[in-house]
């Protein structure tokens, strides 16, 4: 009886409104045969051969719909859409005050764009049809950003693989324009690596001024963003080429222990960024030189010594002493390294974050978080860890602006045991 009822409704909707998209939910409660999914698909196609159907018509949908958990890695299906709430609830729940900020939602949208996906954002109106003030504020913040950066949202495709830029990216459909999404501000410059195509122009979306850039190594560029050009949430850098973008194979920085500590014209921040890039890939330049985690007796036998680099190394010796390869890309927006026992995750934070830094897919409980070299303890908040889902929530960590290092800040995250990460496929929530 119910099968006839819902199929009759679908038939009526198709005749009366001719929808372009049908969004199903709850298919996990019965098998495809019991739902008569194939029959339903054919029914919808009989009215509109181009109708789009989401993946919750069992195996008969066109695109995936991961829910609440932001994917760690790009979904296998080229067509997908993240289903997301502003707090922890679908619909209006007056006592659910755990709202994300507009900054968090914007960064989630950028996450989706960079992997070729869409964002479906829930709005929960009250019974009288009005939208709660908290949701209005989020939508206004999101609308400000999307209106300013429309060209980097609606006419793009998934961006570059990891290893070319410290942030998210997308490409224009002809691949002659590369968009870089920056959720931090860095006066030391932004590095774009392994670009074989010649850059024609660099601009910042929504800013009319000139953006200087220069080649620094083979196929690597340093882009300088004026402070006035930064967006308060996510800045979008537009890099244009005369041809479709060609990439070189990702390579590690050419840096030796001696070159790191020898005084030169190369800025300290650039040397440090090369160092943490090597660390992230398991190459520790300090493995034979640091004798303790406090770095108190550390002084390289190099002349002339770059004192600025040396001071950074001493301050952050804990993160350099016997540490190894960092966590895979997708869990943190930046470089990382792990202690020898895998119980401490070190995060390298470049520049000044526009909002809290985030860790995705961490299964462990966190014992404490602090800034390396000066001891400031940091609080963290977990969002999207819902009782019905096995997917870990997103961990957000606020860093006081007056505690940031001028070159690279290092954050130590002490875990309850060896690190465990979630990298599985994120699916629909089946028990909410």
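The values are calculated or read from the model by the stated rules, or taken from the named source; none is laboratory data. Predicted model, so just to flag it, every value in this text is computed and none were measured. Don't worry about glycine lacking a Cβ; one is built from the backbone with ideal geometry, like all the others, and counts go over all protein chains shown.
The table for this structure:
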quantity: Yes/no for residue 298 being outside the structural domain of residue 193 (by TED's automatic domain parsing) and touching a strand residue (DSSP E or B) at 6+ places or on another chain (Cβ under 7 Å); calculated: no
quantity: Qualifying residue in region 102-111 (condition: touching a strand residue (DSSP E or B) at 6+ places or on another chain (Cβ under 6 Å) and modelled with pLDDT of 95 or more); calculated: yes
quantity: Candidates 324, 355, filtered to the one that is touching a residue at least 24 places away in the same chain (Cβ under 8 Å), out of contact with any strand residue (DSSP E or B) (no Cβ under 7 Å at 6 or more places or on another chain) and surrounded by fewer than 22 Cβ atoms within 10 Å (Cβ to Cβ); calculated: 355
quantity: Test: residue in region 213-232 that is in contact with a helix residue (DSSP H, G or I) (Cβ under 7 Å, 6 or more places away or on another chain), crowded, with 19+ Cβ neighbours inside 10 Å and not in a loop (DSSP other than H, G, I, E, B); calculated: no
quantity: Residue 206 surrounded by fewer than 18 Cβ atoms within 10 Å (Cβ to Cβ), closer than 24 Å to residue 319 by Cα and at pLDDT 95 or above; calculated: no
quantity: Test for residue 14: is it in a helix (DSSP H, G or I), in contact with a strand residue (DSSP E or B) (Cβ under 9 Å, 6 or more places away or on another chain) and over 19 Å from residue 79 (Cα atoms); calculated: yes
quantity: Checking residue 42 against (1) closer than 30 Å to residue 420 by Cα; (2) more than 29 Å from the chain's Cα centre (by Cα), the condition it does not meet; calculated: (1)
quantity: Single unsatisfied condition, residue 78 versus (1) at pLDDT 90 or above; (2) under 29 Å from residue 393 (Cβ atoms); (3) surrounded by 15 or more Cβ atoms within 10 Å (Cβ to Cβ); calculated: (3)
quantity: Scope region 204-247; condition in contact (Cβ under 8 Å) with a residue 24 or more places away in the chain, over 30 Å from residue 355 (Cβ atoms) and touching a strand residue (DSSP E or B) at 6+ places or on another chain (Cβ under 7 Å); matching residues; calculated: 219, 241, 242
quantity: Residue check for residue 371: out of contact with any helix residue (DSSP H, G or I) (no Cβ under 6 Å at 6 or more places or on another chain) and assigned by TED's automatic domain parsing to the domain that holds residue 319; calculated: no
quantity: Residue in region 123-135 that is in a loop (DSSP other than H, G, I, E, B), in contact (Cβ under 8 Å) with a residue 24 or more places away in the chain and under 28 Å from residue 237 (Cβ atoms) present; calculated: no
quantity: Qualifying residue in region 84-95 (condition: outside the structural domain of residue 381 (by TED's automatic domain parsing), in contact with a helix residue (DSSP H, G or I) (Cβ under 7 Å, 6 or more places away or on another chain) and within 29 Å of residue 131 (Cβ to Cβ)); calculated: yes
quantity: Test: residue in region 190-198 that is closer than 28 Å to residue 397 by Cβ, more than 22 Å from the chain's Cα centre (by Cα), free of Cβ contacts under 8 Å to residues at least 60 places away in the same chain and assigned to a loop (DSSP other than H, G, I, E, B); calculated: no
quantity: All strands (runs of 3 or more DSSP E) inside region 343-432 with 1 or more residues being under 21 Å from the mean Cα position of the chain (by Cα), over 30 Å from residue 270 (Cα atoms) and modelled with pLDDT of 95 or more; calculated: 366-371, 380-383
quantity: Filtered residues of region 302-320 (kept if closer than 30 Å to residue 168 by Cα and outside any helix (DSSP H, G or I)); calculated: 316, 320
quantity: Residue check for residue 395: in contact (Cβ under 8 Å) with a residue 24 or more places away in the chain and surrounded by 20 or more Cβ atoms within 10 Å (Cβ to Cβ); calculated: yes
quantity: Filtered residues of region 237-268 (kept if out of contact with any helix residue (DSSP H, G or I) (no Cβ under 9 Å at 6 or more places or on another chain) and part of a helix (DSSP H, G or I)); calculated: 257, 258
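To keep it simple, each residue is scored yes or no on (1) without any contact (Cβ under 8 Å) to a residue 40 or more places away in the chain; (2) under 30 Å from residue 152 (Cα atoms); (3) buried (at least 20 other Cβ atoms within 10 Å of the Cβ).
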residue	(1), (2), (3)
4	yes, no, no
13	yes, no, no
32	yes, no, no
37	yes, no, yes
53	yes, yes, no
86	no, yes, yes
93	yes, no, no
97	yes, no, no
102	no, yes, yes
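For (1) buried (at least 21 other Cβ atoms within 10 Å of the Cβ); (2) touching a strand residue (DSSP E or B) at 6+ places or on another chain (Cβ under 6 Å), each residue gets a yes or a no:
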position: 116; (1), (2): no, yes
position: 119; (1), (2): no, yes
position: 137; (1), (2): no, no
position: 144; (1), (2): no, no
position: 178; (1), (2): yes, yes
position: 185; (1), (2): no, yes
